[in-house]
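Asker: Please see the structure below; I have some questions.
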Number of protein chains: 2
Amino acid sequence: MTKLQGSVYYYGGCIKEALEPVFVIPILGFEMSEQKLLKGTLASLPVFLLTGALSVQVRPTIAADYSHHSKEYAKFNKAGELVRPTDYREWIFVGAPVTPKDMNDGKPAFPEFHNVYIDPTSWAHYKKTGEFRSGTIIVKELASVGTKQSASGNGYFPGEFLGIAATVKDTKRFADRPNNWAYFGFDDKPRAAAQPDDACAACHKANAAQDMVFTQHYPVLRAAKSK
Amino acid sequence: MTKLQGSVYYYGGCIKEALEPVFVIPILGFEMSEQKLLKGTLASLPVFLLTGALSVQVRPTIAADYSHHSKEYAKFNKAGELVRPTDYREWIFVGAPVTPKDMNDGKPAFPEFHNVYIDPTSWAHYKKTGEFRSGTIIVKELASVGTKQSASGNGYFPGEFLGIAATVKDTKRFADRPNNWAYFGFDDKPRAAAQPDDACAACHKANAAQDMVFTQHYPVLRAAKSK
């Protein structure tokens, strides 16, 4: 059994997106287009609240319906640095290639497991359109190989987290970047500046299957697109 | 480059949890315990609706706050078979060991990538308590190795989906099973009967780090527990 160790730290994924108390009130028989809803207050709302107030049931929000998701997950500070995302382990996992040290002369470009996630808003868009929207953020969390043997056989089994990298597509902010993607390496830092194009973008441009994303290694994305 | 192929099919994950139109109305300065909320209608609600109706903003639900999640994800039919979950790719990913064919004489027990997910309700509970609740469902989706070489180096890169297996902990339904877990193999079937204990449970009991779950290979769970 080979036990490979990297620098170890934990980064929890217990962020809540809605910290304020919210109520979800289903109002039966009341239909409205998504566009209208997004415009804000409704002239007709008080009537519905008055007529519905005594009969509606109040329950805490349990919805994880991504189809109406409009939150932007890529946050930048005033210096234009990407703020380290905190809740990516609750995003949509798309695939986990592994480039082990022992298959790369001890020095893989990215050690070792690559757990890759897409933000929920862009996942909803991708399911609908098969394209990566402006605003897409994809996080790659690296983890060491913990062991090469377990009850299920020989192989590579994840160990401890090593750090994260991210890429963001933004047609305005990154108008001059290839396909409008910029790349960020965090390790354990709270924010990161965009990498020069030749550091990451060039390889993605040359080798990734769709819009500089390695969808050839992400069956979750391919399956969503095929539907 | 070695290209290993398995039987290929796609199984999309585009289920929406809240199909009916719902509104989220944040009522500022209004606090209430989760327990009270869960009791249903509130005597004081109409007052808040009346006073708040003209100022609140209506927006479609965008919350993915799992802390109040109460949906049960393990569904059984009348024959006691587990109904194949459909939306597990939108659950919480916990880890992806790989047991490649070429490291297991061509016949690993589970070929090859194991993408493992826990349902959102049980994830919320695990974050709070570090324990697997009754009702927990964990899905293992298998995927072939697509290639052993890519731009990021040598390794194992996911190919196509092969099928799923699941385990459910239920203190009532599986009162007689070890630690109340039962195991189900779906391949591509729409439902599955529980496996005999010696098929899966015995190995999990003997080798898994926490409550018959291989948390030693799932850094996402370990990190959540450590917080």
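Asker: Hey, can you tell me all the residues within the range B:102-117 that are at the interface with chain A (Cβ under 7 Å from one of its Cβ atoms) and assigned to a loop (DSSP other than H, G, I, E, B)?
Answerer: Passing the criteria: B:N104, B:P108, B:A109, B:F110.
Asker: Residues of the range B:209-227 being at the interface with another protein chain (Cβ under 8 Å from one of its Cβ atoms), part of a helix (DSSP H, G or I) and not charged (D, E, K, R), which ones?
Answerer: B:Q216, B:H217, B:P219, B:V220, B:A223, B:A224, B:S226, listed by residue number.
Asker: Surrounded by fewer than 18 Cβ atoms within 10 Å (Cβ to Cβ) and under 23 Å from A:G155 (Cα atoms) - does that describe any residue in the range B:193-202?
Answerer: yes
Asker: Then there is this: Any idea which of (1) in a strand (DSSP E or B); (2) surrounded by 21 or more Cβ atoms within 10 Å (Cβ to Cβ); (3) more than 11 Å from chain A (Cβ to nearest Cβ) is the one B:S122 doesn't satisfy?
Answerer: All conditions are met except number (1).
Asker: For the range B:139-153, does any single residue satisfy the condition of being farther than 30 Å from A:N207 by Cβ and either without any contact (Cβ under 8 Å) to a residue 40 or more places away in the chain or within 14 Å of chain A (Cβ to nearest Cβ) (or both)?
Answerer: yes
Asker: State which residue is nearest to the other protein chains (Cβ to nearest Cβ) when the search covers only the range A:70-101 and only residues that are in a loop (DSSP other than H, G, I, E, B), among the charged types (D, E, K, R) and under 14 Å from the mean Cα position of the chain (by Cα).
Answerer: Within the range A:70-101, the match that is nearest to the other protein chains (Cβ to nearest Cβ) is A:K71.
Asker: For the range B:189-200, does any single residue satisfy the condition of being within 11 Å of another protein chain (Cβ to nearest Cβ), under 29 Å from A:F161 (Cα atoms) and out of contact with any Pro (no Cβ under 9 Å at 6 or more places or on another chain)?
Answerer: Yes, that holds for at least one residue.
Asker: Can you tell me how many residues in the range A:154-188 are more than 14 Å from chain B (Cβ to nearest Cβ) and aliphatic (A, V, I, L, M)?
Answerer: Residues meeting the conditions: 4.
Computed from the coordinates by the stated procedures, all read-outs in this text should not be read as laboratory data. The structure displayed is predicted, hence computed values, not measured ones. Every residue, glycine among them, receives a Cβ derived from its backbone with ideal geometry; neighbour counts consider all protein chains shown.
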